[in-house]
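Remarks on the structure that follows.
The values are calculated or read from the model by the stated rules, or taken from the named source; none is laboratory data. Nothing here was measured: the structure is a model prediction, and the numbers come from that model. Please note: Cβ atoms are built from the backbone with ideal geometry, for glycine as well, and neighbour counts cover all protein chains shown.
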2 protein chains.
Amino acid sequence: MRQNYDALDAVSGLNYVELTPISILARASDAYPKHPAIIYGHRKYTWSELAVRAKRLATGLQTLGVERGSTVSFMAGNTPELLEAHYGVPMSGGVLNAINVRLDAETVAYILEHSDCKVLVCDTHYSATVKQALTKLDHPPMVVDIVDDQSQAPEGNGEKLGQLTYEELLSKGFTSEGWGYPESEWDALTLNYTSGTSGRPKGVVYHHRGSYLMSMGTIAAWQIPKHPVYLYTVPLFHCNGWGHIWSMGIMGGTFICNRVISAEVIFEAIREHDVTHFGAAPIILSMLAAASDEVKFRPDHTVQVMTAGAPPPSKVLEEVAKLDMNVIHVYGLTETYGHVVYCDWNPEWDALPIDRQAEIKSRQGIRFPMMDAVRVVDVNSGDEVAADGKTMGEILLRGNTTMKGYYKNEDATSDAFKGGWFHSGDLAVVYPDGYIQIKDRLKDIIISGGENISSIEVESVIYQHPKVAAAAVVAKPDEKWGETPCAFVELKAGEDASEDEIIGFCKDNMAGYKRPSKVVFMELPKTSTGKIQKFALRELINNGQA
Amino acid sequence: MRQNYDALDAVSGLNYVELTPISILARASDAYPKHPAIIYGHRKYTWSELAVRAKRLATGLQTLGVERGSTVSFMAGNTPELLEAHYGVPMSGGVLNAINVRLDAETVAYILEHSDCKVLVCDTHYSATVKQALTKLDHPPMVVDIVDDQSQAPEGNGEKLGQLTYEELLSKGFTSEGWGYPESEWDALTLNYTSGTSGRPKGVVYHHRGSYLMSMGTIAAWQIPKHPVYLYTVPLFHCNGWGHIWSMGIMGGTFICNRVISAEVIFEAIREHDVTHFGAAPIILSMLAAASDEVKFRPDHTVQVMTAGAPPPSKVLEEVAKLDMNVIHVYGLTETYGHVVYCDWNPEWDALPIDRQAEIKSRQGIRFPMMDAVRVVDVNSGDEVAADGKTMGEILLRGNTTMKGYYKNEDATSDAFKGGWFHSGDLAVVYPDGYIQIKDRLKDIIISGGENISSIEVESVIYQHPKVAAAAVVAKPDEKWGETPCAFVELKAGEDASEDEIIGFCKDNMAGYKRPSKVVFMELPKTSTGKIQKFALRELINNGQA
């Protein structure tokens, strides 16, 4: 009877243990103490050594006054320090804020101030930007310097900005302490600022429970085997490197670190370390596909590659398949800890022609095991759209890997969570098998004469034009049609094309009403992560400059 | 700052979703709707069909008055009904109590009464026992009959005991309802009675959170791939079939059901259904190893086998390896949802001779990813024992897959949880690499002249005697030594041996002080699950009968 079952209370720490990625390090150091955890050039750490360094980092930070809920920011590349921080900062009670190293001084200053940063750990490689950022702050944080003898920076290392180095901080720490589990699994774990395609970046807060479940769900969906060798090409400041720092830890993985990512570096890592997994934006895959035969290396095992951000083009998929790379296409946002939807491959599709396979692989797919629900709904009615592969709606999400909220931004949080769903702002269609495919950002859709025009669709046609390097399409107000597509095009070096040529090409390759009414040739404005800043293009239109 | 992070409250159902195995069915029916979930002879259900049947079961049970915290008992084999119940009963709010079908009427009556059973679903195959059990109850539960046309019972099906059949119950249910998630992930999910090697069985309560995390952790440790084909040889009344009904669901698995388990059935299932995984006690593995060549079948893929209960003998491991079966040895108790420790294989050991491999594989190993801690401590001091492979201590456990508690048994619960650890009652040693190996049950250890003698060690020597079929060793009070080992031996059919012969054999094969002081030849008393009842042997000694 209910009361008899309910009488059994949880015993904290015994049969109710807070879910936390910290437990991953605790177990890995017990289970795989001598197995390599991190390899970065001549620096190598086993899982037990990583555990010692993380404990020292945690207790070292505490000597600097870090306590539960203190923000600890890192301005660092994918080097051992930032990997260690993904365990050590939470173990101190602090919240890890990995800052995008490509940001400008003003934005870095904004993040340091908005995040209430208590300690900033900065690789001297980035000291020029950070020094400038610090001058803008009324209450600058304490600074700890990472001095990396393998920096390989063409300009050499920058100057030290703080009173002690990272290694000195570790030597202030000790290893006798416990694991520093959070008081609650709902406690904040990390703080990740969005890249800010529109306005100020927002601080997305992750919690321990979410990242733990993300790690478990990723293992199941990606079928990560024991002792994977993971090449960390994805920056750790992007959704905590897609959380792989934790999921690979459960499987006793080895992380291969590099500061610089190039086709040479990736192939060399695969050759030297038998890399089994990496994550990469499609642009990296294109780079690998386009590498020269001397650079390319085909290992005697399949390399599993997770890609996100844009559908991988069929040509690229075909090329990397020849290198025995198997690509899984995933979708997610900073607000969902990264990947929450993936194109789960049906073995029946292996028999399809490669271009058809690529077409399917460009779909975002179905939800990861740790996600509770994904819906695509009409933005007006809120009803689920027909699963016809045509009707567009906004992707709504629910699940334990949805952010805790935006830091100090109640309005944005309640707006994102309105109606009990997380609103992705992405428009997608649903296929009859339930797989979703993203068509556009909600705010990028163009409504012309009552018809929805996907800016992505128009862009993809323009991209097929041989002279085009990059393209972005946004809505331009129009008296007759309401809106019409306006295309901004960056041509390949040395090429020349006319407005009519581009519009004519579009007319020949898509429904006429979708063709741009105007084409502007220019170098496109991009964010520090390489995304085209459509809001800047819209400003050009609003200011009458386009 | 802490208050800014803490200000972000969880939104129930959005970024805080109760962990529950029910979500596994919800996702599998979305992700793999047409993939087979259950195959039982001519009955086949896809994941979407299983979802429909589970919803009908849940709502059907509600029409019988089942609500949150009602106990729903099943007396059934591993047929689709009991698999469905693992999703459908929790979806009704009820708690699933799968009863061991080998129990006698009196124990079944005890369980039905103690569990406050509201509805009993009974396969007519077991109606003789159940009918007798029901007569012993003052307030018998409602009975629903499973009538199985594939029962293959030599004696034919038994009689119906209730007012409606299982299929009629499903037809009373409907499919329009939601998924019936629990109010809290701490809510009771199932109630599993221990087999009762000593006294009355105790009711172990599992919660939704624990079973969900068990499923995720099992996927990681066992590296379960997508679409496994799982032969359900482990009875579902044992720790809910080791929880594989849920973990395999995450991976879109197919369950192959059979009522009768034999070498023929297992090999035929592997042949017909390309079985990839199954669980089996070592006795089943011995059966497979001993099968005739006509019965044996070696598939063209490796079959992953999970074994528990006793270390698999090296001879058996060698034999099943020839059949391309890869055995993983796990350890756990009903109180820990089943397996929580496993002999995680180090690829370096592949190069060792097979008997050395078997020796390592007989160790229980390290903790599963979802477990928080495993310690082996001196029973007197409570200190961790030396990791020398020799010093024995009791295994203590902590983690989210530790039971909610014993149903209506506060004393036993607080005793099991004393000092903030779950006390396994098992004695083990720890090797330098952290792997544990069980040496005995705490209550079975024999203390003779101040020396600990493992009853298991003495038994394993006696088992090597060619005439011995089974053996059990318990402590016998002794004026001089305190205790000495007393051996109870069951000889193979047609064999004859003397007490001196057995004692002499022991002297020749182990330290002299460990040899039994007395040998009693008899048929050994066993529980319904085949475990030897040492408490009955101790009673013989206490009564002066041995």
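General remarks:
- Leading residue by the ranking (surrounded by the most Cβ atoms within 10 Å (Cβ to Cβ)) among those in the range A:359-381 that are part of a loop (DSSP other than H, G, I, E, B) and in contact with a Phe, Trp or Tyr (Cβ under 8 Å, 6 or more places away or on another chain): A:Phe368
- Among the residues making up the range B:33-63, those that are within 21 Å of B:Glu272 (Cβ to Cβ) and among the hydroxyl-bearing types (Ser, Thr, Tyr) are B:Tyr40, B:Tyr45, B:Thr46.
- Residues satisfying the stated conditions in the range A:171-205, i.e. part of a strand (DSSP E or B), of a type outside the set (A, V, I, L, M) and more than 10 Å from every other protein chain (Cβ to nearest Cβ): A:Thr190, A:Asn192, A:Tyr193
- The single residue among B:Thr402, B:Thr391 that is under 25 Å from A:Ser29 (Cα atoms), in contact (Cβ under 8 Å) with a residue 60 or more places away in the chain, in contact with a strand residue (DSSP E or B) (Cβ under 9 Å, 6 or more places away or on another chain) and assigned by TED's automatic domain parsing to the domain that holds B:Gly309 turns out to be B:Thr402.
- Within the range A:232-256, the set of residues being in a helix (DSSP H, G or I) and of a type in the set (Gly, Ala, Ser) comprises A:Gly241, A:Ser247, A:Gly249.
- Residue list for the range B:387-411, restricted to those being among the acidic types (Asp, Glu) and not in a loop (DSSP other than H, G, I, E, B): B:Glu394, B:Glu410, B:Asp411
- Of the residues making up the range A:21-51, those that are within 14 Å of another protein chain (Cβ to nearest Cβ) and assigned to a helix (DSSP H, G or I) number 13.
- Residue in the range A:210-231 that is more than 9 Å from chain B (Cβ to nearest Cβ), part of a loop (DSSP other than H, G, I, E, B) and aromatic (Phe, Trp, Tyr) present: no
- Odd one out for B:Ala128 among (1) closer than 20 Å to B:Thr527 by Cα; (2) more than 23 Å from the chain's Cα centre (by Cα); (3) buried (at least 23 other Cβ atoms within 10 Å of the Cβ): (3)
- Residue satisfying all of: in the range B:411-432; facing another protein chain (nearest Cβ under 8 Å) and more than 15 Å from B:Tyr337 (Cα to Cα); farthest from the chain's Cα centre (by Cα) among these: B:Gly420
- When the residues of the range B:382-405 are filtered to those that are surrounded by 23 or more Cβ atoms within 10 Å (Cβ to Cβ) and among the hydroxyl-bearing types (Ser, Thr, Tyr), the one that is farthest from the other protein chains (Cβ to nearest Cβ) is B:Thr401.
- Checked against the criteria, A:Thr413 counts as touching a Gly at 6+ places or on another chain (Cβ under 6 Å) and of a type in the set (Val, Ile, Thr).
- Meets criteria (charged (D, E, K, R) and assigned to a loop (DSSP other than H, G, I, E, B)) for B:Glu495: yes
- Checking each residue in the range A:403-414 for being of a type outside the set (D, E, K, R) and either out of contact with any Asp or Glu (no Cβ under 7 Å at 6 or more places or on another chain) or modelled with pLDDT under 95 (or both) picks out A:Gly405, A:Tyr406, A:Tyr407, A:Asn409, A:Ala412, A:Thr413, A:Ser414.
- Checking each residue in the range A:365-381 for being of a type in the set (Lys, Arg) and more than 8 Å from chain B (Cβ to nearest Cβ) picks out only A:Arg375.
- Exactly one residue among A:Ala26, A:Ala37 is under 29 Å from the mean Cα position of the chain (by Cα), assigned by TED's automatic domain parsing to the domain that holds A:His125, aliphatic (A, V, I, L, M) and crowded, with 24+ Cβ neighbours inside 10 Å, and that residue is A:Ala37.
- Residue check for B:Val108: within 14 Å of chain A (Cβ to nearest Cβ) and aliphatic (A, V, I, L, M): no
So that you can scan it fast, the table gives a plain yes or no per residue for (1) under 28 Å from B:Trp47 (Cα atoms); (2) touching a residue at least 12 places away in the same chain (Cβ under 8 Å); (3) assigned by TED's automatic domain parsing to the domain that holds B:Asn78:
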residue	(1), (2), (3)
B:Ile284	no, yes, no
B:Met287	no, yes, no
B:Ser292	no, no, no
B:Arg298	no, yes, no
B:Thr302	yes, yes, no
B:His339	yes, yes, no
B:Cys343	no, yes, no
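- Breaking point among (1) outside any strand (DSSP E or B); (2) surrounded by fewer than 24 Cβ atoms within 10 Å (Cβ to Cβ); (3) of a type outside the set (A, V, I, L, M), for B:Lys118: (1)
- Scanning the range A:79-114 for residues that are outside any helix (DSSP H, G or I) and surrounded by fewer than 24 Cβ atoms within 10 Å (Cβ to Cβ) gives A:Gly93, A:Asn100, A:Val101, A:Arg102, A:Asp104.
- Filtered residues of the range B:41-67 (kept if within 26 Å of B:Ala133 (Cβ to Cβ) and out of contact with any strand residue (DSSP E or B) (no Cβ under 7 Å at 6 or more places or on another chain)): B:Leu57, B:Ala58, B:Gly60, B:Gln62, B:Thr63, B:Glu67
- In the range A:338-358, residue nearest to the other protein chains (Cβ to nearest Cβ) [restricted to those that are assigned to a helix (DSSP H, G or I) and surrounded by 15 or more Cβ atoms within 10 Å (Cβ to Cβ)]: A:Gln357
- Residue in the range A:257-268 that is of a type in the set (A, V, I, L, M) and over 30 Å from A:Thr190 (Cα atoms) present: yes
- Filter result (surrounded by 19 or more Cβ atoms within 10 Å (Cβ to Cβ) and of a type in the set (D, E, K, R)) within the range B:429-467: B:Lys439, B:Asp440, B:Asp444, B:Glu459
- Residue check: A:Val473 meets all listed conditions (1) more than 20 Å from A:Asn542 (Cβ to Cβ); (2) assigned to a strand (DSSP E or B); (3) in contact with a Pro (Cβ under 9 Å, 6 or more places away or on another chain) but one, namely (1).
- Any hit, the range A:147-161, residues being of a type outside the set (Gly, Ala, Ser) and either outside any loop (DSSP other than H, G, I, E, B) or closer than 26 Å to A:Gly405 by Cβ (or both): no
- For A:Tyr16, the requirement of being without any contact (Cβ under 8 Å) to a residue 12 or more places away in the chain and within 12 Å of chain B (Cβ to nearest Cβ) is met.
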